[in-house]
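S.K.: Mind having a look at this structure? Questions to follow.
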Protein chains: 2
Amino acid sequence: MKLSPDGNMFTEIVLETFKLSGLLTTVGDSIAASAGVNSARWKILGAIYLSSHSLTVPQIARTMGQSRQAVQRLVDIMHKDNLLTFSDNPNHKKAKLIALTEKGSAIYLKVDEQQIPWANNLADNLDAKDLATTLQTLKKIQQAMDAK
Amino acid sequence: MKLSPDGNMFTEIVLETFKLSGLLTTVGDSIAASAGVNSARWKILGAIYLSSHSLTVPQIARTMGQSRQAVQRLVDIMHKDNLLTFSDNPNHKKAKLIALTEKGSAIYLKVDEQQIPWANNLADNLDAKDLATTLQTLKKIQQAMDAK
DNA sequence: GTCAGAATGACATCATGTTGTCAATTTTAA
DNA sequence: TTAAAATTGACAACATGATGTCATTCTGAC
């Protein structure tokens, strides 16, 4: 069997996604470093901050497209480092609700201060319509994968 | 400072890229498993196969957006496993040229057999024009990052 | 209400991938 | 031509992340 023209484009998108993810992680490490965290921990902080309410570990993992255990590991470390708080979950005895401490919040905002001009600057050189299409398509790809 | 509307879209694309990359790696592991490799090794095989000529380790790393050392590590393992060959590089005494063995080639093609219908099928449910825009935009983002 | 199946945390093992360092080689600039 | 800078392979240390297992808790079908 051969790739259809669309299948070929799709495959190229997959490869570019891998590549971009690697590059973004490296850049993210630089951006987050001055606040004392790395990309991985910044992403955890962001997942909680952006949800605007407490989340359980599995919820964070699903948001991030990662395994429950990988997130649990980081959450435990960040809890020890006083970046996150655990609180009882009225709906589940074992699955604690996770929120940011003041320190965690401050770190997230400090990283954001640097990420914002970076993102604004890069976005300036790109077409808004194309960005919108790209964002929607990335989401649709995930939905299509889920459906299989 | 606040995110511009475009900066906000850009940030969302970044997060979706991370998420999609994680999900694709998991799916890729499943697809590649029957041929005895995983996503990481499949990607190495693909980088060499698709270039249609021998590559050095740093060249593979740049193609994949990963560190030279991570690629070197896998290449050494895959050489031991008889998936790759090393040959002298007329342009560089230390940097060997890497190519696929018959076994490596066969494995790549076997994985491809399964990846192709998967990609074709998913692409069928997506708009060709949107896929083209997405692919171009992902590449442009990388160029814009490089320029900084 | 009960019980099978799913979800969750804890723990372990392993693969992937980054960063840092050093010596050897290549490239570049003067 | 030569010397400084960049590239490369080898090696090490460490962080990230997937997978597997077990006991506990929750959910849903009956």
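S.K.: Report, by residue number, each residue of the range B:106-145 that is exposed (fewer than 15 other Cβ atoms within 10 Å of the Cβ), of a type in the set (S, T, N, Q) and facing another protein chain (nearest Cβ under 7 Å).
M.R.: Within the range B:106-145, B:125 is the sole residue that qualifies.
S.K.: Within the group A:45, A:3, A:50, A:23, which residue is of a type outside the set (Ser, Thr, Tyr) and at pLDDT 95 or above?
M.R.: A:45
S.K.: Go over the candidates A:55, A:24 one by one and state the one that is facing chain B (nearest Cβ under 10 Å) and either more than 12 Å from DNA strand D (Cβ to nearest atom) or closer than 21 Å to residue B:10 by Cβ (or both).
M.R.: Matching residue, one of A:55, A:24: A:24.
S.K.: Being within 13 Å of residue B:57 (Cα to Cα) and more than 12 Å from DNA strand C (Cβ to nearest atom) is the filter; apply it to the range B:76-97 and report the residue that is least open to solvent (accessible area, probe 1.4 Å).
M.R.: Top of the filtered list is B:84.
S.K.: Let me ask you something else. Do we find that residue A:66 is within 10 Å of DNA strand C (Cβ to nearest atom) and either open to solvent by 60 Å² or more (accessible area, probe 1.4 Å) or facing chain B (nearest Cβ under 9 Å) (or both) in this structure?
M.R.: no
The values are calculated or read from the model by the stated rules, or taken from the named source; none is laboratory data. The structure presented is a predicted model; accordingly, all values stated were derived computationally and were not measured. Don't worry about glycine lacking a Cβ; one is built from the backbone with ideal geometry, like all the others, and counts go over all protein chains shown. Remember, those area values only see protein heavy atoms, side chains included, never the ligands or the DNA or RNA. Shrake-Rupley method; radii C 1.70, N 1.55, O 1.52, S 1.80 Å.
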